[in-house]
Amino acid sequence: MIPSETVRQYVLETGWTFTDWQRATLLAHSWRPVEDKLALLRRLNGQTSDEELLRQIMAYVDWVEQVIRELQDNRDRRCVYVLKLEDEDNGDDYRRIPPEAYFFDWETACECGRKSGGRFEIEKYRVADCPDTGESYAVSGADFDRDGRINYLSREFYRTEDDFTRTFFLLPNPFERGDIIRRVFPTGAPDDYGVVETSREQMRESYERLKDGKHFFTQFGDDSIRAEFLNDDGTFTHDHILPLYFERYEPEWDPDDTPDGTRDNVLLMASMVYKGEGALDELGYYVMKYRKVREK
C-alpha cells in the first residue's frame, strides 16, 4: 500500500498504525492490480468489526466488478476498442501516441496488448465517435501492467459516492522542506528527481484547517505535498504528490561533469536554497553546467 521504501521504514520506526478505514482507503488508491486490490478489500471486510465500512467496501467491490463487465461487453458491436501501447522512450506517456489498433472484441484487444510485452491501455469508444480527435471521449477504459493485468479503470474518476475512498487523514510524512527526493512510479516510468517545497509545519497547519469538517470537498488526495522537479533543460516544475510516492535521495557533490553528477549538484544547491543556506546565483551556475552536459 506504500510504494516508498523511505515511508515504509518511517512507519516501522515510529510505530505508525492505520485504522481499518484508512487501510481500506490506501488499498482503494493503491497501484496494485485491480484483482489483487479487490481480493485484499474482501479480506479486510472479513476482519473489520465496523459494519458501515463493511457495507461500503462491498458496494465498492460490486461497483468495480460492474464497471469491468460493462467495459468487456460489446455484443451489440456499437463500440470499438482502441489499443495504445507503451512508449519505450517515456513509459508514462503512452496515452499520447497514436492508437496501435482497433477491435470489436475485448479479448482480442487484450491479447494483442499482452503480446507487446509492455504496459498498454484499452479505451472503449462508441463507433460514431472518432477517437483521433480532441472532441471525442471514451465510454470507459483500462490501463494494464506489463503482466497484462488491469491496474486502473478510467470510470473510477466518475464515482461520486462519499465513502471510504474519499476519506481524508494524515499520512506518514518523513520529509522536510529542502529534502532531495526521487518520485516512485509504480508503473515503471522514468525516475523524477526534485526538492520538497512544503515544510512539515505547513502540512500540520493545513491538516488542522482541513480536519475541522468545514471543507466539503476534502478527500484523500488533499494530503499531497508540493515538490519542485528538475527538468532536462535545467528548469524546475512543481507538482503535488502524496508522500507515499517519495523516496529520500542523498547525493554527494560530484566534481566531474557527468549527466548524473551535474544533476545531483543542481539538486544539492536547490536544496540549500530552500533551506536558506544557498544563493540563487550559485544555483544558476550549476544549472548552466547541467544544461551544457545535457546538450552534449
Counting pairs of Cα atoms in segment 15-62, how many percent are more than 13 Å apart?
52
So residue 108 and residue 285, fully extended at 0.36 nm per residue minus their Cα-Cα distance, gain in nm 58.3 nm
Added length on full extension, which subtracts the Cα-Cα distance from 0.36 nm per residue, residue 235 to residue 127:
34.6 nm
Listed residues 31, 106, 16, most fluctuating in the chain (Gaussian network, C-alpha, under 10 Å)
16
Furthest towards positive pole of dipole, 27, 206, 280, structure part the chain, Cβ charges:
27
How would 11, 287 line up from fewest to most surrounding beta-carbon atoms within 10 angstrom?
11, 287
Could you list which residues have their amide H under 5 Å from that of residue 140, counting only those 5 or more apart in sequence or on another chain, with H placed in the peptide plane?
124
Where does each of 150, 122 land when they are ranked from fewest to most other beta-carbon atoms within 10 angstrom?
150, 122
Per 0.36 nm of contour for each residue apart, how much would the distance between residue 254 and residue 222 grow if the chain were fully extended, relative to their Cα-Cα spacing?
7.8 nm
Percent of Cα pairs exceeding the 23 Å cut-off, where the set is the chain:
64
Return 241, 181 ranked ascending by Cβ neighbour count within 10 Å, so the fewest neighbours appear first.
241, 181
If you average the sequence gap of Cα pairs under 8 Å that are 6 or more apart and divide by the length of the chain, what percent do you get for the contact order?
16
Rg to Rh quotient for segment 252-296, alpha carbon positions, Kirkwood Rh:
0.97
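No lab work stands behind these numbers, since they all come straight from the coordinates. Note that the coordinates shown come from a computational prediction; the quantities given were computed from them, not determined experimentally. All Cβ positions, even for glycine, are placed from backbone atoms using ideal geometry, and neighbour counts span all protein chains on display.
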